[in-house]
Amino acid sequence: MKKITLVFGTRPEAIKMCPLVLELKSRPREFDVSVVVTGQHREMLDSVLQAFRVVPDIDLNIMSVSQTLFDVTQRVLAEMRRVLTENRPDVLLVHGDTTTAFASALAAFYLEIPVGHVEAGLRTYDIHAPYPEEFNRAAIDASAEYFFAPTAATRENLLREGKPAERIFVTGNTEIDALRFTVRGEYSHAELDWAADSRLVVMTAHRRENLKNAANPEGAMRGIFRAILRVVNEHPDVKIVYPVHLNPAVRDAAELLQNHPRIHLIEPLGVLDFHNFLAKAHLVLTDSGGIQESAPALGKPVLVLRDTTERPEGLQAGTLRLAGTGEDGVYAEFTRLLDDEKLYAEMSAAKNPYGDGTSARQIADILAK
Ligand code: UD1
Ligand code: UDP
């Protein structure tokens, strides 16, 4: 019997870890499972836990409004020291690149508890983009013993950094597993009815490096939003639904898009709703990580509102294109994808490179051995 603790704290980690929690808990003869949530996110985390009916064993409840990286890191490090000292699992599973994952992996490393990194090996090789996630993922991989890499390319990154081949497992991404719980043939919503006469663009934006900062007092996000307004004004058959992240700094920037008759700013959607919105979209604009995986699996072209991505497989497969974060570049790429039917058809037909929705089972099988 293996004693496994999983820890996560934000919406995307929860969406990708819940399928694994459910798989591990369905095998009680093999695994003694405990689930710790840090509460780095509150409402956005709770909504995912409810959707998957996962009840955490421990909730550290650390979120504060407008928290800094220092706040999150020190609270998670101190609390996970306490939890892991009491709990001492055989393996601590962390996910991806959040500060919850980084500080939890660091606590486990200090206590000499092996770390398994789910979604290991992603890199942009630009420490500032995404910020601070590129640092977090490299630091987690520095401390981890088991690497669950979603793709062959991420495995190559780990090998190049000297990680032992026998501890790297290519498993696909559990984001695709999550879609099997959420996407329905029969699905309706008032926002989809509103957009039924138009091409629906679903968008999200929340990256920390695109918000106001010392280097860019306006913040790149406002330029991105100005470009989007220009394109929507030139395309009367386009409507946008943008569920706005709860970060107050994102909400401040998003005010630019308020009051346009064909743009709806709405509250964050539950994961079941959001995945079904993706399934009904014409295309997707996002700076999110997870949406670069789920939208292509649903056959939806994605314009990535970033200068670089840790998901080059999606670029190579042709399902993603980088729009950058400059106003003119975003304007040009968005216009092109709306107007160029051939490009749109090619991107919609490209094959999703992130697996077949069996990642959680593959990871559990490896842990069992
Ligand atoms: C975090 C992750 C990022 C991930 C993103 C997913 C880090 C450093 N960043 O960024 O990698 O892409 O989550 O969304 O780990 N808030 C609420 N309620 C919520 C969630 C957030 O009010 O349910 C507000 C709070 O004011 C909070 C702020 O959003 O202070 C920012 O949250 P935080 O987790 O610090 O950063 P994110 O930008 O969400
Ligand atoms: N998502 C959601 N509701 C929303 C917006 C996004 O459930 O209103 C889902 C989305 O499908 C994806 C995940 O949240 O599975 C991505 O989270 P986010 O963009 O916050 O973080 P990132 O992936 O960039 O770390």
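Each reported figure results from applying straightforward, stated rules to the coordinates on display, with no laboratory input. Keep in mind the model is a prediction, meaning the values are calculated, not measured. As a convention, Cβ positions derive from the backbone with ideal geometry for all residues, glycine included, and neighbour counts pool all protein chains shown.
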With every atom except the alpha carbons ignored, what do you get for Rg and Dmax of the stretch 325-369, in angstroms? 18.5, 52
If you take every residue apart from D90 with its C-beta less than 11 Å away from the C-beta of D90, what net charge results, scoring Lys and Arg +1 and Asp and Glu -1? +1
What per residue convex hull volume, in Å³, comes out for the stretch 52-101 when only alpha-carbon positions are used? 111 Å³
Cα Rg over Rh - the stretch 1-49, Kirkwood: 1.01
Count of lysine pairs, the chain, Cα-Cα under 23 Å, sep. 8 or more residues or interchain, comes to 22
Strictly greater than 17 Å: what percent of every Cα pair in the stretch 36-143 meets that? 54 percent
Projected area averaged over orientations for the chain, convex hull of C-alpha atoms, nm²: 17.1 nm²
Where only alpha carbons of the stretch 295-369 are counted, the Rg and the Dmax (Å): 15.5, 52
Cα-based Debye curve of the stretch 232-337 sampled at q = 0.15, 0.16, 0.17 Å⁻¹ gives log₁₀ I(q)/I(0) of -0.67, -0.77, -0.88
Could you list T308, T182 so that the one with the fewest beta carbons within 10 Å of its beta carbon is first and the one with the most is last? T308, T182
List the residues whose amide H sits under 5 Å from the amide H of V238, counting only those 5 or more places along or on another chain, with H placed 1.01 Å from N in the peptide plane. R199
How big is the stretch 135-283 by Rg and Dmax over its Cα atoms, in Å? 19.5, 55
Local electrostatic count at L60 - Lys and Arg +1, Asp and Glu -1, tallied over other residues with Cβ under 10 Å: 0
Calculated SAXS-style log₁₀ I(q)/I(0) at q = 0.23, 0.26 Å⁻¹ - the stretch 159-209, Debye, Cα scatterers: -1.04, -1.06
Rounded to the nearest 20 debye, dipole of the chain from Cβ charges on Lys, Arg, Asp, Glu: 500 debye
So if I average 1/r over every pair of distinct C-alpha atoms in the stretch 218-289 and take the inverse, what Kirkwood radius in Å does that give? 13.1 Å
The stretch 105-173 - Rg over Rh from alpha carbon coordinates, Kirkwood radius: 0.95
Given a Förster distance of 22 Å, report the FRET efficiency between D71 and N213 from their Cβ-Cβ distance, rounded to the nearest 0.05. 0.80
Net charge over other residues, Cβ less than 15 angstrom from the Cβ of P28 (K, R count +1; D, E count -1): +1
